[in-house]
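Student: Input: one structure, supplied below.
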Amino acid sequence: MARYNFRDSEPKWQAVWSERGTFTATTDPSRPKFYVLEMFPYPSGRLHVGHVRNYAIGDVVARYKRARGFNVLHPMGWDAFGLPAENAAIASRVHPAEWTFENIRVMGEQLRMIGLAYDWDREVATCTPDYYRHEQKMFLDFLKAGLAYRKESTVNWDPVEHTVLANEQVIEGRGWRSGALVEKRKLTQWFLRITEFADELLDDIATLDRWPDRVRVMQANWIGRSVGARMRFRLQGRDDRLEVFTTRPDTIFGASFCALSPDHPLSEEAAATDPRLAEFIAECRRLGTSEEAIETAEKQGYDTGLRAVHPFDGRELPIYVANFVLMEYGTGAIFGCPAHDQRDLDFARKYGLTVRPVLWPTTVRRLDDEAFAALPPETQALFETGAGVATVDGEAQFHVAGTAFSATDAETYGYDLGDLTDRPALSVSEAKEIAIAGLAARDSGEPSIGYRLRDWGVSRQRYWGCPIPVIHCADCGVVPVPEADLPVELPHDVNFDRPGNPLDHHPTWKHVPCPSCGRPAVRETDTFDTFVESSWYFLRYCSPKADTAFDRADADYWMPVDQYIGGIEHAVLHLLYSRFFMRALGACGYTDVKEPFAALMTQGMVCHETYSDAAGDWLYPEEVESRGGGVVRIADGAPVTVGRTEKMSKSRKNVVGLERVVDTYGADTARLLLLSDSPPERDLEWTDAGIEGAWRYLNRVWRLVTEPAHPLPPRGTAAPKAFSESALALRRKTHKTIKAVGEDFEAFRLNRAVARIRELTNQAAELKGSDEGAAWALREALETTVLLLGPITPHLCEEMWQALDGDSLVADAPWPDWDSELTVDDTVTVAVQVNGKLRATIELPRDADKGTAEDLALADGGVQRALAGKAVRRVVVVPNRIVNVVV
RNA sequence: GCCCGGGUGGCGGAAUUGGUAGACGCGCCGGACUCAAAAUCCGGUGGUGGCAACACCAUGCGAGUUCGAGUCUCGCCCCGGGCACCA
């Protein structure tokens, strides 16, 4: 039994593509371009099959678009700065650069092994000065344009190691290595003014019509534009005022307290004279900086003793410091309206504050607290759930008990707005306008737009990143590094024996003369967030050897990326930062393209079962095997616990190494499985059974092509006049498949495309007869199969194309055309239902009229039996689809 | 906690976007070939009942809209992604 020899074929065709420069891209404005890009990897060590899925999907697009006649740009590179390199340096005493470049070498070899259609001449690694020098130049331009600035912000601080921790390094509030309780600490850091573009970034989401809706929604929510008001409360016994931001000025009459962020200046001021408050604030700071930690922590507050005066009714409201108020959003202070906000309600109950409803459904009577308290407990309980409305004594009544009452935009409500209005019913937006007008009249507030989006903090106190090109001079302040002095290169001679930033510890690197006055000064020792590198790498690919960041003409031709592919985990940060970067670069005259990625596809993760031994240590899949109904460790037969299927990760060892799969089955088999077993956007579970099935199919096609059941006519033979029924059916299948697979590729339905190609293979194998027509139809089917499968299993297809006397490479062959006469059938099978239940199917000529369909359906024996003599009330006919008889 | 997804046979998934639920594949069962095994080929395979024709049940749970719901609406449950210093 002949088997496809991938061990010879795969390196052979890789060499052919490489020698011919098949995938080398050249700027050519006379041709339509297509730029397809997969998110570049962080060089973490070795590729596993999880990485490959991303690249295999992109490779299908690249090869398919190439067959469609596009001038395709498909580059690859390395997102090479990052924390893991420093961790490796600490753990294994290897230099981050050495570690990174070795990983790039290994992973690059692995990528070449899978036959991806990359233009390797454009390979980029972001940790090289040749790359990051341009980033430093961009930063200097941002600085000039006012898009970069410094301000204080908080970081996670490890008090034992005296170092800044990433959120990832904070485990349950403690430093991952020291185990010390993490504190927040304020540092002056660099920021990029992304909020400058908040409205534009939000509005332009509408233009991203080839992005998944969910990503667009996530970005819009992330920017979180909300129209509200800033309002100022007089402080009792003081001259200054407290400013808060609210999205619900209409509920101001329900305010019963104000709350400050622990980082608010007023909190700090109050803490100076109140040690218990100071302790409370310190406790809040141990929560860490992530929003998740803050929002999931138990809501707590501390009464500062300060009192805010209500701008309308003069009530004195207590001012709390609360652990859930974020300094970054709004003004870092809020007013609380417990009746209409669940969090405020919980807070009010906890601290015994009044709950004062100020809006209610117009159709109900309001119960005051006294009347409510007089009700029996079971009646009170009726108010706990739902919308605060319950029937008491036959009348709908309203009271806020355990659940805050929230209004919808569509309805109108009765409102308590003091003497601001007499109107009996208002919509929320009308009430907001009235409240804001009232505030303005008292000089206590004005309309304001708030954003959830915050400016992008780009300073990192780490070595393995791009140095921020400024110098701090005692006399001149912050001085940009002159452009002629770029790049500011990382020093190589660093050591990681001490915790903290090696750049800061370096004996000489940071000491430089001030470029402005010449006196001794120090370099900025912070480096950039690695998201900065990934915010413009797609531009560098357009002209990777250019002396500038990119050549304008090349970028004008290639940009935007026509198809971007990557994980859903990047739905907000990386994609939003890149969109911002294009606009910031635009403001500095670099480019006119606004949106970097015209189309986006987000692929799911590759998952695998996890295995652990009796001691609870993780085991690699290749360390275990099934034996006698259980799973055991191969080395000693010890029982193994099979855990849940999870995203492949080095930490759980549930990774399938690429080499093992490619050695055993070849790259094409792995590619086929990764592309066919799940829709690309969904998660995929890697199983050994799956890879066997893919391998079996490749050999089946291989044999069908190289050992056809009967001789094929020479390539290019004209079609015979007549075809047998079986041959004609195969031809129809062939042309339907061409049409459908093209549509599937365009829509990323890759798993379905593979299913269709397999159907074609099945039908080709079942072809009856060996006459001229059958042989011709078989050749047509086989050639088609090779061309359609080409983007998925490219090596095998080149080999088969050669076996079919193909005169060129599949990689250079145009996509096949389909004959519309062969893609539609003369008859259709129509389902017949009786009262919505399937009772029969009937064969009808295509596009038969409704009367014919109805008559034939009613004449059917099965239908008659189901009707059982009952009178037909109605017949619904959907042509070519269904007949539903209603009795 | 907040934002965004997902849930269909033993398993991965398909379903012309409101019209025959389960394409294609994996696994399993049976058969052929073989001294035997592997490989390959042929047939079967959602569940329950029935010799069978067939009937009933079935797309996470519960309601609803409709001639007709996996698909639309409302309310739940579970799983996953993100939450600004992991990339």
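Student: Just to be sure I understand: if I project the alpha-carbon convex hull of the range A:367-516 onto a plane and average over all orientations, what area do I get in nm²? Could the numbers behind the result be given before it?
Tutor: Values: hull surface 80.0 nm².
If you wrap the Cα atoms of the range A:367-516 in a convex hull and average its projections, you get 20.0 nm².
Student: Just in the range A:128-233: which GluC sites (Glu not before Pro) are loop by DSSP and have at most 13 other Cβ atoms within 10 Å? Provide the component values of the computation, followed by the final result.
Tutor: Working: sites: A:E135, A:E152, A:E161, A:E168, A:E172, A:E183, A:E196, A:E200; in loops: A:E161, A:E172.
Filter output for the range A:128-233: A:E172.
Student: With all protein chains present and a 1.4 Å probe, how do A:K837, A:K739 order by accessible area, largest first? Before the final figure, lay out each step's value.
Tutor: Working: A:K837 125, A:K739 70 Å².
Per-residue accessible area, sorted high to low, gives A:K837, A:K739.
Student: Another one. Within 10 Å, count the other beta carbons around each residue, average over each peptide in A:703-716, A:314-327, A:648-661, and list them highest first.
Tutor: Answer by packing, highest mean first, reads A:314-327, A:648-661, A:703-716.
Student: Rounded to the nearest 0.05, what FRET efficiency is calculated for A:V479 and A:A689 with R0 set to 56 Å and r the Cβ-Cβ distance?
Tutor: Values: r = 64 Å, r/R0 = 1.14.
Calculated transfer efficiency: 0.30.
Student: Looking at chain A, what % of the alpha carbon pairs are farther apart than 35 Å?
Tutor: Working: 255436 of 392941 pairs.
It works out to 65 percent of all Cα pairs.
Student: Which whole-number percent is the relative contact order of chain A (Cα, under 8 Å, 6+ apart)? Mind showing how you got there, number by number?
Tutor: Values: 1618 pairs, mean separation 118.1, N = 887.
Computed value for chain A: 13 percent relative contact order.
Student: Additional query: Amide H of A:K510: which non-local residues (sequence gap of 5 or more, or other chain) have their own amide H closer than 5 Å, using H built in the peptide plane?
Tutor: none
Student: Kindly write out, for the range A:300-311 in residue order, the coupling ³J(HN,Hα) from the Karplus curve 6.51 cos²θ - 1.76 cosθ + 1.60 (θ = phi - 60°), rounded to whole Hz, with x marking Gly and Pro.
Tutor: 3J(HN,Hα) across the range A:300-311, in whole Hz: 9, x, 9, 6, 6, x, 6, 10, 9, 9, 4, x.
Student: Next question, about the same structure. Please go through the residue pairs A:K33/A:K594; A:K184/A:K510; A:K137/A:K510; A:K144/A:K545; A:K594/A:K650 and name each one whose alpha carbons sit more than 29 Å apart in this structure.
Tutor: Values: A:K33/A:K594 18 Å; A:K184/A:K510 26 Å; A:K137/A:K510 19 Å; A:K144/A:K545 26 Å; A:K594/A:K650 37 Å.
Over 29 Å Cα-Cα: A:K594/A:K650.
Student: Another question, if that's okay. Compactness ratio of the range A:146-262: Cα Rg over 2.2 N^0.38 Å, N = residue count?
Tutor: Numbers: Rg = 20.1 Å, N = 117, 2.2 N^0.38 = 13.4 Å.
Its radius of gyration relative to the 2.2 N^0.38 Å reference: 1.49.
Student: Would you tally the net charge around A:L730, using a Cβ to Cβ cut-off of less than 9 Å, leaving A:L730 out, and scoring K and R as +1, D and E as -1? Please report the intermediate quantities before stating the final value.
Tutor: Numbers: positive: A:R731, A:R732, A:K733; negative: A:E766, A:E780.
Net charge in that neighbourhood comes out at +1.
Student: Between A:L165 and residues 5 or more places away or on another chain, which pairs have amide H atoms under 5 Å apart, with H built 1.01 Å from N, and which residues are they?
Tutor: A:N156, A:W157, A:D158
Student: Principal axis extents for the range A:529-649, Cα atoms only, whole Å, descending order, please.
Tutor: Principal extents (largest minus smallest coordinate, Cα): 67, 27, 26 Å.
Student: How large is Rg/Rh for the range A:658-800, to two decimals, with Cα atoms and a Kirkwood Rh? Numbers along the way, then the final one.
Tutor: Values: Rg = 15.8 Å, Rh = 15.8 Å.
Computed over Cα atoms, the ratio is 1.00.
Student: Short version: ³J(HN,Hα) in whole Hz for each residue of the range A:568-584, in order, from phi by Karplus 6.51 cos²θ - 1.76 cosθ + 1.60 (θ = phi - 60°), x for Gly and Pro, what are they?
Tutor: Working through the residues one at a time gives 5, 5, 9, 3, 10, 4, 4, 5, 6, 4, 5, 5, 4, 4, 4, 5, 5 Hz.
Student: Quick one: if you stick a label point 7 Å off each Cα along the C-beta vector at A:D422 and A:R696, how many nm between them?
Tutor: Each label point lies 7 Å from its Cα, and together they span 8.4 nm.
Student: What share of Cα pairs, in percent, lie more than 13 angstrom apart in the range A:838-880?
Tutor: Numbers: 486 of 903 pairs.
Counting pairs separated by more than 13 Å, the tail of P(r) holds 54 percent.
Student: While we're looking at this one, here's another question. Only helical DSSP H runs with n ≥ 4 go in: add -39500 (n - 2.57) per run for chain A, normalise by residue count and round the 222 nm mean residue ellipticity to 500 deg cm²/dmol. Don't skip to the answer; put the middle values down first.
Tutor: On the way: 27 runs with 305 residues, N = 887.
Mean residue ellipticity, 222 nm, calculated: -10500 deg cm²/dmol.
Student: Over the range A:97-170, what number does the Rg to Rh ratio reach, with both radii from the alpha-carbon atoms and Rh per Kirkwood?
Tutor: Working: Rg = 18.8 Å, Rh = 16.6 Å.
Ratio of gyration radius to Kirkwood radius: 1.13.
Student: What is the Cα convex hull volume of the range A:455-535 when expressed per residue in Å³? Write down the numbers at each step before the final one.
Tutor: Details: hull volume 9.3 nm³, N = 81.
Enclosed volume per residue, from the Cα hull, is 115 Å³.
Student: Turning to a different aspect of this structure: Using a 1.4 Å probe, how large is the accessible area of A:K65, given in Å² and rounded to the nearest 10?
Tutor: 30
Student: On to the next question. Carbon and sulfur: what percent of chain A's accessible surface (1.4 Å probe)?
Tutor: Numbers: 19070 of 39100 Å².
The computed percentage sits at 49.
Student: On to the next question. For A:D416, what residues show an amide H to amide H distance below 5 Å, using hydrogens built from the backbone and excluding near sequence neighbours?
Tutor: A:L359
Student: How large is the Rg to Rh ratio of the range A:807-862 when both quantities use alpha carbon positions and Rh follows Kirkwood? Mind showing how you got there, number by number?
Tutor: Working: Rg = 19.5 Å, Rh = 14.4 Å.
When Rh is taken as the Kirkwood radius, the ratio is 1.35.
Student: Rounded to whole Hz and in sequence order, give me ³J(HN,Hα) for the range A:803-811 from the Karplus expression 6.51 cos²θ - 1.76 cosθ + 1.60, θ = phi - 60°, writing x for Gly and Pro.
Tutor: Calculated HN-Hα couplings, in order: 5, 8, 6, x, 9, 8, 8, 4, 4 Hz.
Student: Now a separate question. Not counting ligands, DNA or RNA, and with a 1.4 Å probe, what is A:H492's accessible surface area in Å² rounded to the nearest 10?
Tutor: 120
Student: Keeping every protein chain present and rolling a 1.4 Å probe, give me the accessible area per residue for chain A in Å².
Tutor: Numbers: 39100 Å² over 887 residues.
The answer is 44 Å² per residue.
Student: Right, next: Please give me the summed charge of the neighbours of A:R671: other residues whose Cβ is under 10 Å from its Cβ, Lys and Arg +1, Asp and Glu -1.
Tutor: Values: positive: A:R53; negative: A:D59, A:D668.
Net charge in that neighbourhood comes out at -1.
The values are calculated or read from the model by the stated rules, or taken from the named source; none is laboratory data. Nothing here was measured: the structure is a model prediction, and the numbers come from that model. Cβ atoms come from the backbone with ideal geometry, glycine included; neighbour counts cover every protein chain shown. Remember, those area values only see protein heavy atoms, side chains included, never the ligands or the DNA or RNA. Shrake-Rupley method; radii C 1.70, N 1.55, O 1.52, S 1.80 Å.
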